[in-house]
1. Suppose we filter the stretch 67-85 for residues that are touching a residue at least 24 places away in the same chain (Cβ under 8 Å) and in a strand (DSSP E or B); how many remain?
2. Note down all Cβ pairs under 9 Å where the first residue falls in the stretch 42-58 and is free of Cβ contacts under 8 Å to residues at least 40 places away in the same chain, the second is exposed (fewer than 11 other Cβ atoms within 10 Å of the Cβ) and of a type in the set (Gly, Ala, Ser), and they're at least six residues apart or on different chains.
3. Given (1) over 13 Å from the mean Cα position of the chain (by Cα); (2) among the charged types (D, E, K, R); (3) closer than 18 Å to Gly39 by Cβ, where does Arg114 come up short, assuming only one miss?
4. In the stretch 25-41, which residues are surrounded by fewer than 19 Cβ atoms within 10 Å (Cβ to Cβ) and under 15 Å from the mean Cα position of the chain (by Cα)?
5. Within the stretch 82-138, track down each residue that is under 20 Å from Val63 (Cα atoms) and either of a type in the set (S, T, N, Q) or in contact with a His (Cβ under 9 Å, 6 or more places away or on another chain) (or both).
6. Can you tell me how many residues in the stretch 99-120 are in contact (Cβ under 8 Å) with a residue 40 or more places away in the chain and crowded, with 16+ Cβ neighbours inside 10 Å?
7. Specify which of the listed residues (Gly31, Gly39) is within 22 Å of Ala113 (Cβ to Cβ) and either among the β-branched types (Val, Ile, Thr) or modelled with pLDDT of 95 or more (or both).
Amino acid sequence: MLYQPYRSLLALLVVLFFYNGSTEPDVQVTGTWEAGFSGKVQGKGTSQDDMLVLELTQDGSAVKGTLRFKGLETAFPIVGKVRGRTFSYSTKASVGPNCEATVVAETTVDDVARRFEGSQTQSNCEGTAVGRVTAVRK
């Protein structure tokens, strides 16, 4: 049986161990990323593949920047966040009269390989595509 002072110390050490062991530093995503999206259009079942370029800046866990679809002149303003190795972002912009496009993604970043990969949903006036995005830092 442990004496009361030792039990308190042991409890404190256990809390500190699990607290420090469960937090990992946020990855850094600042830079230019070339990405590919591959998905299926809901309700139609047709494939959709897009090439994207993301220009990102990070301040703490907050991320902002632009996303450009290759072949479109519109720059979509990105708002995102990083938590540990998870990078999530969203954007929306007008792509024509009465047509707004949105992108929402949640990815996992591999700093060593300089890439991220995860789920992405893209919507516009023609439908919604759900799939995967893979990006490489340039």
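1. Total satisfying the criteria: 6.
2. The qualifying pairs are Met51/Gly71.
3. Among (1) over 13 Å from the mean Cα position of the chain (by Cα); (2) among the charged types (D, E, K, R); (3) closer than 18 Å to Gly39 by Cβ, Arg114 violates only (3).
4. Asp26, Val27, Gln28, Thr30, Gly31, Thr32, Glu34, Gly36
5. Thr86, Ser88, Ser90, Thr91, Thr102, Thr107, Thr108, Ser119, Gln120, Thr121, Gln122, Thr134
6. The number of residues fulfilling the criteria is 3.
7. The conditions single out Gly31.
Table: residues versus (1) under 19 Å from Arg115 (Cβ atoms); (2) more than 18 Å from the chain's Cα centre (by Cα); (3) surrounded by 14 or more Cβ atoms within 10 Å (Cβ to Cβ).
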{"residue": "Gly43", "(1), (2), (3)": "no, yes, no"}
{"residue": "Asp50", "(1), (2), (3)": "yes, no, yes"}
{"residue": "Glu55", "(1), (2), (3)": "yes, no, yes"}
{"residue": "Val63", "(1), (2), (3)": "yes, no, yes"}
{"residue": "Ala75", "(1), (2), (3)": "no, no, yes"}
{"residue": "Val79", "(1), (2), (3)": "no, no, no"}
{"residue": "Gly84", "(1), (2), (3)": "yes, no, yes"}
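The values are calculated or read from the model by the stated rules, or taken from the named source; none is laboratory data. Computed from a prediction, not measured in an experiment: that's the story for all the values here. Don't worry about glycine lacking a Cβ; one is built from the backbone with ideal geometry, like all the others, and counts go over all protein chains shown.
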